1. Under the definition of Cα pairs under 8 Å and six or more residues apart, what whole-number percent is the relative contact order of chain A?
2. Can you give the FRET efficiency to the nearest 0.05 for residue B:316 and residue B:142, using r as the Cβ-Cβ distance and R₀ = 41 Å?
3. Over the whole of B:287-293, what's the average partner chain Cβ count within 10 Å per residue? Rounded to a whole number, please.
4. What residues have an amide H closer than 5 Å to that of residue A:77, excluding those fewer than 5 places away on the same chain, when H is modeled at 1.01 Å from N in the peptide plane?
5. With bins 20 Å wide starting at 0, give me the P(r) of chain B over every alpha carbon pair, in whole percents.
6. Using a Gaussian network model of chain B with C-alpha springs under 10 Å, which one of B:127, B:143, B:19 is most mobile by mean-square fluctuation?
7. Do any of A:294/B:240; A:156/B:320; A:7/A:190; A:3/A:214 go past 25 Å between their Cα atoms, and which?
8. How many angstrom separate the Cα center of the stretch A:192-263 from the Cα center of the stretch B:115-154?
Amino acid sequence: MLKYIVKRVLLAVLTVLVISMITFFAMNAIPGGPFNKEKAVNAATMAALQERYNLDKPVPVQYVLYMKNLLHGELGVSLKNGREISAIIGESFPLSAQLGIMAALFAIFFGIILGSVAALMRNQLPDRLIVFFTTLITAMPSFVIATVLLYLFCMKLGWFPAFTAGENNMVLPVIALMFSPMAYITRLTKTSMLDALNQDYIRTARAKGVPQMKVIFLHGLRNALIPVITYVGPMIAGILTGSMVVETIFNIGGLGSKFVAGITNRDYTLIMATTIFLATIMVIANLITDIVYKVVDPRIKLD
Amino acid sequence: MSENFKKAPLSAQVDLSKFTLADFTKATEEEKRQQEVMGESTTFFKDGMRRLRRNPLAMGSIVVLILIVLVIFIAPIVVPYGYAQIVKGAGNLSPFQYSEKELAAIAAGEKVFPHIFGTDSLGRDYFIRVVFGARVSLGVGVFASLLVLVIGMLYGSISGYLGGRVDMIMMRVVDIIYSLPDMLLIILLSVVLNETLGGLIKGTVFAKVGVNMIALFIVFGLLYWVSMARLIRGQILTIKQNEYVLAAQCIGTSTPRIIRKHILPNCLSVIIITTALQIPSAIFTESYLSFIGLGVSAPMPSLGSLANEARAGLQSYPSKLLFPAMTICLIVLALNLLGDGLRDAFDPKLQR
């Protein structure tokens, strides 16, 4: 077990390194330095600027220096407004994290309930309805869901204030974000629940006279949830990328909308730092998912 | 016959005097057919198609997709507006509304083609923009999936067939690419390629397609093939255990030929299903990128960029969002259902 964990951690570190390399060298391939757009910079100032930001050194050396700074928490400054990127991430990420965690928890909660209901009432009306809606939701991109929610509940019904960021306005963004992972978890729970209920141990439990509810929740659901765990890692990645458009649409100043703004403004240092930051979170999420999966399900062979 | 046996019990010779000439005439086609006890033999493909035809959702999806494709090809011929053509004085019309100028023209007896979906804020016909947007989205989806298919198939079949050390190294590469957060890298690479490709492809055929589109394809080609490669490798690992592969090897068939003739046709169903399900995911990615401003370049519409532009006037013109959003949902829904139907029809493992 320990060997497996160490192996996975090493692979995760390698992945983050590869990502940082791809990000750094790809960004360096863009022609023109960060100061080329500034007006009237004389040669001396340019040289000073280049030295200040290590731009006069060869690219591999720049990469090493960048990584060194990165490990000290220095992500450089935004090209757009000159602010420290670590400060930008520090103030905007909590908002995104709050949004994402709420969306993830609600998605898991409702997904498991809906999935179990669909499995237990197979081919009955509730199951048909659930299948219908999950199929529909998986065909809708997150930006369509978010924009439709914004139009319906903010503009038409006026239940929520439109275009103002704030605590009370988290409801719609959370709903917009949770829909597609919820649909996926519902499908996943349904198939694994059906599978679990066909197992021999369920029959044994029933034969022993264990109450129906106890059979379903204690024996069935517990085993049906194992495949759902594997989805948590990809779900976090999906929610993080989804939050980019959802935050932009609902005008929430989280990291996602900052990232999209960075793309629009061609703010390369911000894009670079945010990519590495978000990628690290996703890799860590995947790592934890993998380890938890092995811990929960002893049937999985350790390799 | 029984008499024959009584005369000469040990003779194997048949007494021909008992038969007339009619007994030796060839059987007619009809008589031959009567002898056929078996039904018409069915191939795997026919069997799957039969199952697919019985699935109303999948058949409905095919009809919807055919309709959409027809509209995409016919509409630009029928509708006299271009996707970048600005009709003066006809900004922000609602569906089937005419501008004052056009009303005057109609009153004067001229024929004016209606704006079926209205026009956008610049006065461009919205219907044709949505049609071209759907064209871009579908084109990107299909082409990107084919790209993924070709790369994944080559990589997966080589890795799976050769096995051993080559397989191990090739699969480690896949593992690393697989663990990268794809969406982030797609965004990153799109940003970079959009900036760098412009100079490289100037004056070539590619310039016509647009930098962003090329960037999109490169990104797909670089990142999305890994799951396809894994899948095909897994299939090949099981198929190559079969005796007919061994037989082919024994008579000295070359490796590429064995892969092409004996192995790939047998994992065809898996390939088709995965490709069919890859298209909607590619369409999603494209619309997502277009939505955050990294998709196709400006005058060219895509369903994602149309939906993004519609946000600005959402309060007053919700139909601008509705049309592209509905189109994208319809296309993706139809493709998803078709993919599910294909999987049910062609994947015998899932049959219950």
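Rule-based calculations on the coordinates, nothing more; no lab input. Here the structure is a predicted model, which is why all the values come from computation and not from measurement. In this analysis, Cβ positions are derived from the backbone assuming ideal geometry, glycine residues included, and neighbour counts consider all displayed protein chains.
1. Averaging sequence separation for qualifying contacts and normalising by length gives 26 percent for chain A.
2. For residue B:316 and residue B:142, the calculated efficiency is 0.70.
3. Per residue, the number of nearby Cβ atoms from other chains is 5 on average.
4. Here the answer is A:85, since their amide H atoms fall under 5 Å of that of residue A:77.
5. For chain B, the pair-distance distribution reads 22, 41, 22, 10, 5, 1.
6. Fluctuation is largest for B:19.
7. A:294/B:240; A:7/A:190; A:3/A:214
8. Between the Cα centre of the stretch A:192-263 and that of the stretch B:115-154, the gap is 33 Å.
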